[in-house]
Structures are given as C-alpha cells and as structure tokens.
Amino acid sequence: MLGNKYTSRSQNRIDRLLRERELKKLNKIFTIDDNNAADSSRNSSGGETEVLLEDEMGLGEAHEGGVVEASPISSRTLRDGFGASEGKPMKQRLLVVANRLPVSAFRRGEDSWSLEISAGGLVSALLGVKDVDAKWIGWAGVNVPDIVGQKALRKALAEKRCIPVFLDEEIVHQYYNGYCNNILWPLFHYLGLPQEDRLATTRSFQSQFDAYKRANQMFADVVNQHYEEGDVVWCHDYHLMYLPKCLKEYNSKMKVGWFLHTPFPSSEIHRTLPSRSELLRSVLAADLVGFHTYDYARHFVSACTRILGLEGTPEGVEDQGKLTRVSAFPIGIDSDRFQRALELSAVKEDINELSHRFAGRKVMLGVDRLDMIKGIPQKLLAFEKFLEENPVWRDKVVLLQIAVPTRTDVPEYQKLTSQVHEIVGRINGRFGTLTAVPIHHLDRSLDFQALCALYAVTDVALVTSLRDGMNLVSYEFVACQGIKKGVLILSEFAGAAQSLGAGALLVNPWNITEVADSIADALNMPADEREKRHRHNYAHVTTHTAQDWAETFVSELNDTVVEAQIRTRQVPPLLPSELSIGRFLKSKNRLLILGFSSTLTELVESSGRRGGDQIKEMELKLHLDLKGPLRTLCNDPKTTVVILSGSDRSVLDDNFGEYNMWLAAENGMFLRLTCGEWMTTMPEHLNMDWVDSVKHVFEYFTERTPRSHFEHRETSLLWNYKYADIEFGRLQARDMLQHLWTGPISNAAVDVVQGSRSVEVRSVGVTKGAAIDRILGEIVHSKNMVTPIDYVLCIGHFLGKDEDIYSFFEPELPSEPGNCSRAKASEVIKPSSEKRHGGKQTNIKSSSKASPSKNHRAPLASERKVSSSNHSTKTNAWRSPQEITSWHEGSSVLDLKGDNYFSCSVGRKRSNARYLLNSSEDVLLFLKELAIACSKNGYLNSKHYSNGD
Ligand SMILES: O=P(O)(O)OC[C@H]1O[C@H](O[C@H]2O[C@H](CO)[C@@H](O)[C@H](O)[C@H]2O)[C@H](O)[C@@H](O)[C@@H]1O
Ligand SMILES: O=c1ccn([C@@H]2O[C@H](COP(=O)(O)OP(=O)(O)O)[C@@H](O)[C@H]2O)c(=O)[nH]1
C-alpha cells in the first residue's frame, strides 16, 4: 500500500538519522578528548594555534584586505576546508554550483591573478563544510574576455578546487544585475519590483529571463564537463533555478539537489512572476529541493499545487508519479571556527583595543550587506528614536554599523547607499558631540578575525532584516558571546528567528517604536536573564552547524535518489507498441477496451484553477485525430471495440454514436452496441436510497466551493473540485467526507472513491472490473462468437478503484483495495429503475430482458450466481480467464495464451496495468499505428510487426 510504503520510507529515514545522530555524538566525545590532548601539547609549545587555524581555514589567511595570492602555499587552504586527505577513505565527490565562487578574482597582469574571499552567508556556510570531496563551480565576479587570462585564472582557481564559469559583461548585466538582483531578489523578499523603473523592468523582463536561462545553461555546460558518474551536484540559490532542468536534460541519472538561501515567498507573490511556471518546473527537475525553514518549503509546495496544479504531499511535490522531495534544512555556521579565532592573540589584541576605545559605553552592532532587505534605514530610525526617548543613554551607547557594499551596479543599491549615508549624517549631527558620535558607520567589509573581535565586544546585536533567508550574522554573534552574553535583537522576518527566537528579543523591523523599546530592554537587561537567553541560543548554534547542514542535505539527496530508483522499478514499462501490434495482427478475435476521459480526449495541461479553460475542459470531446483510426478499428471484422467510461450515456452517445462499437457508460453499468439500444447491466436490487441525501450534501459543498461542480449519474454522484482553489478544495473534501460518513452514507451500501480532485459516491459493486464480466457475456452472446477472444488490449486512465479491470484478466495480481470502501455485501440489493439522465429520456432495458434469444446466449454475469448474489468487487476482480472460458457452453471464449493481454495505464505510474502510456497523446500515436497496421493487414504481410514476437 502506498501509505504504508511512505510510512516505512520515512520511518527508515528517521531510523537512519537517529543512528547518525548517535554516531555523531560519539564522534564528538572522541574529538573533544583528542582535542583536549592536543590542546595541552599545543599550550606547552605555545603559539601553534594560529598556524593550525590558518591551515584549516585556508581562505582565512586573507587578513588585512582579505587578499589571497594564488600561490601554491595558499592553495592548500580551501582544499583542506573541503577536501579529501590522504589515508582516509574515499569521500563522495560533490560539485557545489553557486553563482559566486567563494573567491573573487582580481587581475594583476596578463596571466596573473590574485584571489579574495567573497563575503556573504553562502560562502561562510560552505566554508564550514568538511568531509566531502568538493569542487566549487561558479562565477569569479570578473569579466575575462581573453583566452590567456581565462587559462591563467582557471589554473589559479584549480588550486583552490574552484572551477570558473566565464560570463561576459552583457550577460552579467542582464542575468545577474537584471533578472537575479532586480527581479527575483526583491520579489522573493516581498519588496516588489523596484518602484521607479517598474515599467522599464516589466518591459525588459523577457530579455532578462532569456539571459538568465542562457547563463544557467552555461553553468550546466561547465558542470557537464566535470561531472563523473556518482557525483552529487548541489545547485545553490535563486540565481540557478533553471539549472536542475538543464542538468537532468543532459543526464537524467545525475543526482541533483537545489537549495534556496533566500525566503521562498507566498504563492500569491510568486504568481506575479511572468516566468512563474517555467521556474517552478525547472526546480522540480531536481531530486531534492531544500529551504531554510518549513515556511519557505510550504510556500514552494503551495506554489506548485496552485500554479502548476500538481499534487503536494507530505514528502514533496508529485507529478505523474515522479516525486521531487521538498524539505527544510536550516543552515548553520562552523561555531568552533569562531571560538578558536577568539583564542588567537591577534584577535585578543583587537578585543582589548576595542574595549578600551569604547570604555564606558555599551556597544551595539549591526553587520549587514548594504542591501534593502537588511532594513538598515529602519534600524537607524529606531536607534534615533531610542536616543530621542532615552537621553540618559546618549553618551553611553554607540552603534557600530558595518555595511558591506554589494551589487553596486544595480541602481536600487546605489540609492540605498546615499539614503543610509544621509540618515547616519543626520543622527550623528543631531546627537554627536565634539568628541563622540553615536553611530560609527563603515562602508566596507571586515576580515574574519576583525569581525570575531567585534562580535565579542558587543553588548547588543541588532538584526532588523525586512526579510532574510536565514541571517548568519546572528549565529556568529551568539557563537562569540561566551563571555559577554550579550543580547540579540532579531527581526521576526529573518529565517534565524525560527531557531534563535527563544533566546533573542524578536521585533517587527517596520515598527520602529517596538525596536526602540527593545533596544532599551536589551541595554537594561539583568545579567541572569541575558545568561539564560544566551545559553539557549548558544546550544542551538553549536549543535546545528554548517557541516551538519551540508551532510544532512547530501545524505538526504543520496537517499532520495535510491528511493526514486525503487519507485521507478515499480512503474510499469512503456507499452511495447511493435510487440502489441504484432500480436494484434496475428490474432483472430481481438477485444479492445478503451477508457475515454484523459485516454481518447485531447491532452490538457493540468494547471489547476489558474490556467486552462474550465468550460472547454469540462465538455469531454474525442480527439479529432482519433476519428479515422477509431473508424478503421471498429470496422475491422476481427476486432470488437468497447469504450468503458465513467461518463454517462449521453456523453458517449455524442462522441461515439457514429462508430460501430460497444459503449459502456457509468463504469459499465449501461451498455449498448451503437446500432442498438441502451441496456443496463446493473446488478439487480442495486440500492439507490442514498442518492438524495448525498446529493443534498454535494449541492451544499458545491455552493460553498467556487468553481467546483458535481455530476449526477445514474449509479453514482461525483463532486469535482479540479478547478477550485486546490487547498480549499481539499479542506472542503475532508469536511465533506466526514459529514458523509457520519450521516447520509453511514449505513448505505456504497463505495466512496476519492480521486486527487474529486469525491465520488457509488453503489457497491459499481466498478469497471465488476462490470466487465457482464459486458463480455453480452458481447460474446450478441456476436454469437465461435472463435475465442485471443487478444485483449485494455487502455485507460482509470482510478485505483477501477483498476480491477486490469486484474480481471490476471488472476495472479492482487486487486487494489478500494479506498474508503463501505461495501455492505449483505445489504438487500434492489433493482434499478428507469431514470432520466442528461435532460433526455433514454430507453433502458435490463439486458436480461432485452436479449432476443435468452435461451441460447451465454448467461449475463448479472444473472450468474457469482456476480448477482455477491456484490463484492473483489470476487469479480479475481475471476480467472478459466472461469470465463466456461461461459460459452463449455467451449473457450477467452484464449489469451498469457502474453496476448496488453493492459495499459495512461499517465498513472502507480498501476496494476502491465504497461504504461504517458498521456493521451501517446494513446493517439499508438492507435494511429495500430489502425494503419490493421488496414494494411489484408494486403501487406505482417513480418515487420511480428518481429516483436
Ligand atoms: O553574491 P552577492 O550577490 O554579493 O550576495 C551575497 C549572498 O547573499 C545571499 O545570502 C543568503 O544566504 C545566507 C546563507 O544561507 C542567508 O543566511 C542569507 O539570509 C541569504 O541572504 C545570497 O542568497 C547568496 O547567494 C549571495 O551570494
Ligand atoms: O565585513 C563582513 C561582513 C560580513 N561578513 C560575512 O558575511 C556573512 C553574511 O551572511 P548573512 O547570512 O548574515 O547574510 P547575507 O549577506 O548572506 O545575506 C556572514 O557570514 C559574515 O561573517 C564578512 O565576512 N565580512
């Protein structure tokens, strides 16, 4: 069962994660012991710590100015941070693909380069990742038009295990400055498109999106060049949403994960993007999709269900049986690295110096890229308000604001810089003295050690992001506060609020009064409360490290791929058309059973309520291109065609009235040869007493669920919410079911069949599988068949409950137990009466009465003991071909010889059918081929097709 499979799958994962957690704890204990031993030896030799730190961090060699020369000595560094070391077991290869490499390149000469660490959360997080053999693929932040320069840079970067993607200026302008930072970035952070040039942005949208796709393809090309079988490819961030699709197109077996470092906004925001569907679909090509928080993951799944009309499950997003796993993986930092840094003599000196410089004043700290999402102007205004309202603090507090310049080519960022300068100037002018100013503002970045010293001397850290994927600065501050135990004021709109919210003072950064009050609370907070809060957050920061984050993501990705392989093995193979046509041609009496909806209709994109044309889609129409092939097959004397559908009679009359075939409406409850009258094959005594009360409930929910509708059929009622808001529809369906169970159907002999967007209530025993024996009996009888049916092809997009049609011919297969079965086989079953349907009166006769030669025909299933006295679906579904052979007065009417049976599900990958066709378009192609072969059969020899034998 599906549910059980899922349960045991997640159970296995949890078991594994628990085991890993235990192991990690054990490892930690050993490592601490080892470190203690090492520490004592280090202490005795003195000064070694610094050397070790440089070794380990590599890029940390960039002290002042952060420059790392591309020399062999410095090259060991990044590699040591990530890579394999000799003597240890082989590590899995990981290709990290991000827009930016962890280093930016600066040209020193024609073929010489120096490399500088890029600042930013992503780099910090991945620097903390060890124990994988990683290579980093990305843009070095510089235009290198000449081959000599490219070659030299490639070589310099190779020493850092980095591989460059060369983007020219134009593409950087359109892709990075334009689509990434002017469109996606503000949108994902709920800021909307930049106000002033909104129309210009709208106009240039398409060309920027085209450049975005081109750039992503360039990243993909580089990955493809370096990819080796078994590698894990981990794509990062909003810059590379198109990459998973490009990679999977190149190699569908590649293990691809994608992680978003920013928030993923509510589907209502994402919905405004013109490229909304394309982006979602390309991300869904990945095997695993990760976000910092559950909220972002939830928004993403919701966007996929609402915008693409796909199925959201607790595991992720499902599209025709293909699952993309979606989960939250909150990032962390390498907290040990910060604590070790605080032990360095250079850092200790910095701490001393800063403590002296700000003696007598409390230090408040802001560390942000100069980005509108960071809420720097709001922070400054709140600080101003605090100074206004708390004059006693004016000469006792200082705010140090590090504002790292970023994306300086984007006009919005340039405007922000001047705005911030203007506010700082005003506040300093207002509250400054001849010797001191309240705000120290730095438009530059600091190196790691300087930053650590600053974190350590801080009394209150102020993070006022308007939105922030996570915000690592808050983690880093906590990691460096072992002694001071300062207070963290943290925006509730930063992802970090979900992990550090317990110990921090959470604020709404838009509410400057609230922020100003929190500043006062933080500065006046008693030591014991600070201690308590700090302890809480410190425990989190030191246990949820960057390394754990990456390890968890990579191992989940590996698991996901294995699980997908298991699933794929369960998916039926594609219908072997040559083989089935070959067998068709060789057989003498063929039976084709075809579904209608989504089998013989035109393919419509399942786009939920957002797209599609409800009116057109609701009116089921035979695919125009199928008319010819269908006529050929119907007119073939050796072939009997049956349309077996849930639709009512009028729909089948309208679409198939002109062909020479059998129509089985309402899941086989009504049957007619197109040249004859409708007859009912309904089991006698079918109890329909439940209909009125269920109809009442369906009407109630239809009225309250916009764009839902219901169909009243003779033997069933169907409520469909395919076009309604999918989440609301599901809630309504749940309510509806609860209501039905406790009321109208609590004692009725009905089955409730839940589709992905529908609820259907049917009389017990109304399934296609249950009807097929009665239908077969009628056909055999009416055609007076003497040659056994030696070929059966059954193609349909059938609900799980109706898949008993496939197992009907395969006794060894278990039939899918119907969901929510309410079968009451012991109920008295009443005969159905003639009823109106579809607005017109149809002649109905019971097939048993209608038969012209009752004494000579094969008995109808409804008359045979096995069907009419026991309406259990299972009994019918499990009937073997051998039983059917007895229908025709002892002679055999069904002689499939095992392999002449082709059951084929359309678009449903979890199916009991032997084969699969992906969509109604594939059905069309196949039936065209079959019809051509059938009509040529008379004058062409069938050798070509019989090759398949
Ligand atoms: O490379 P830039 O355009 O200069 O931008 C720097 C990085 O900014 C973003 O960082 C995000 O990632 C952090 C770690 O997951 C997270 O804590 C933070 O909230 C995010 O804003 C961006 O997503 C990166 O791609 C950029 O490299
Ligand atoms: O002068 C600076 C300021 C910041 N950072 C680093 O930049 C990262 C900022 O990450 P965060 O998640 O807070 O925000 P992002 O900039 O990624 O949006 C942190 O690791 C900081 O240590 C830095 O290296 N030098």
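Provide a single number: the residues in segment 242-265 that are surrounded by fewer than 20 Cβ atoms within 10 Å (Cβ to Cβ) and touching a Phe, Trp or Tyr at 6+ places or on another chain (Cβ under 8 Å).
Final tally of qualifying residues: 1.
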Subset of segment 446-460, residues in a loop (DSSP other than H, G, I, E, B), within 9 Å of ligand 2 (Cβ to nearest atom) and closer than 24 Å to Ala382 by Cβ, comes to Leu446
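The rows are residues; the columns are (1) over 27 Å from Lys484 (Cα atoms); (2) of a type outside the set (Ser, Thr, Tyr); (3) within 16 Å of ligand 1 (Cβ to nearest atom).
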site: Arg361; (1), (2), (3): no, yes, no
site: Lys374; (1), (2), (3): no, yes, yes
site: Gln378; (1), (2), (3): no, yes, no
site: Leu400; (1), (2), (3): no, yes, no
site: Thr406; (1), (2), (3): yes, no, yes
site: Pro411; (1), (2), (3): yes, yes, yes
site: Val420; (1), (2), (3): yes, yes, no
site: Gly425; (1), (2), (3): yes, yes, no
site: Val437; (1), (2), (3): no, yes, no
How many residues are surrounded by 18 or more Cβ atoms within 10 Å (Cβ to Cβ) and closer than 17 Å to Ala770 by Cβ if we restrict to segment 663-687? 15
Could you please let me know if Lys768 is surrounded by fewer than 23 Cβ atoms within 10 Å (Cβ to Cβ) and modelled with pLDDT under 90? no
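Looking for something within 15 Å of ligand 2 (Cβ to nearest atom) and either surrounded by 15 or more Cβ atoms within 10 Å (Cβ to Cβ) or hydroxyl-bearing (Ser, Thr, Tyr) (or both) - is there at least one such residue anywhere in segment 377-393?
Looking through segment 377-393, at least one residue is within 15 Å of ligand 2 (Cβ to nearest atom) and either surrounded by 15 or more Cβ atoms within 10 Å (Cβ to Cβ) or hydroxyl-bearing (Ser, Thr, Tyr) (or both).
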Among Asp521, Asp528, which is the only one that is more than 38 Å from the chain's Cα centre (by Cα), under 21 Å from Phe383 (Cβ atoms) and either away from ligand 2 (no atom under 15 Å from the Cβ) or not polar (S, T, N, Q) (or both)? Asp521
What's the number of the condition Ala494 fails, among (1) free of Cβ contacts under 8 Å to residues at least 40 places away in the same chain; (2) within 12 Å of Asn537 (Cβ to Cβ); (3) within 13 Å of ligand 2 (Cβ to nearest atom)? (2)
Suppose we filter Thr313, Thr305, Thr272 for residues that are among the polar types (S, T, N, Q) and more than 14 Å from the chain's Cα centre (by Cα); which single one remains? Thr272
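Quick check on segment 424-435. Is at least one of its residues within 16 Å of ligand 2 (Cβ to nearest atom), in contact with a helix residue (DSSP H, G or I) (Cβ under 9 Å, 6 or more places away or on another chain) and not small (Gly, Ala, Ser)?
No.
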Just checking, which of Leu505, Leu490 is surrounded by fewer than 21 Cβ atoms within 10 Å (Cβ to Cβ) and either more than 15 Å from ligand 1 (Cβ to nearest atom) or not β-branched (Val, Ile, Thr) (or both)? Leu505
Taking Asn390 as the residue in question, decide whether it is closer than 28 Å to Lys485 by Cβ, within 16 Å of ligand 1 (Cβ to nearest atom) and modelled with pLDDT of 95 or more. no
Close pairs from segment 163-189: first assigned to a helix (DSSP H, G or I), partner among the acidic types (Asp, Glu), Cβ under 6 Å, at least 6 apart: Asn177/Asp409
Checked segment 363-372 for anything more than 12 Å from Val463 (Cα to Cα), within 16 Å of ligand 1 (Cβ to nearest atom) and outside any helix (DSSP H, G or I); matches are Leu370, Asp371
Residue pairs qualifying under the 7 Å Cβ cut-off, at least six apart or on distinct chains, with the first in segment 395-414 being within 16 Å of ligand 2 (Cβ to nearest atom) and at pLDDT below 95 and the second being of a type in the set (Phe, Trp, Tyr) and in a helix (DSSP H, G or I), are Thr406/Tyr413; Arg407/Tyr413
Lone qualifier among Val554, Val562, Val541 - being at pLDDT 95 or above and in a helix (DSSP H, G or I): Val541
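The values are calculated or read from the model by the stated rules, or taken from the named source; none is laboratory data. This one's a predicted model, so the numbers in the text were calculated from it and none came from an experiment. Note that each Cβ is placed from the backbone with ideal geometry, even for glycine, and that neighbours are counted across all protein chains shown.
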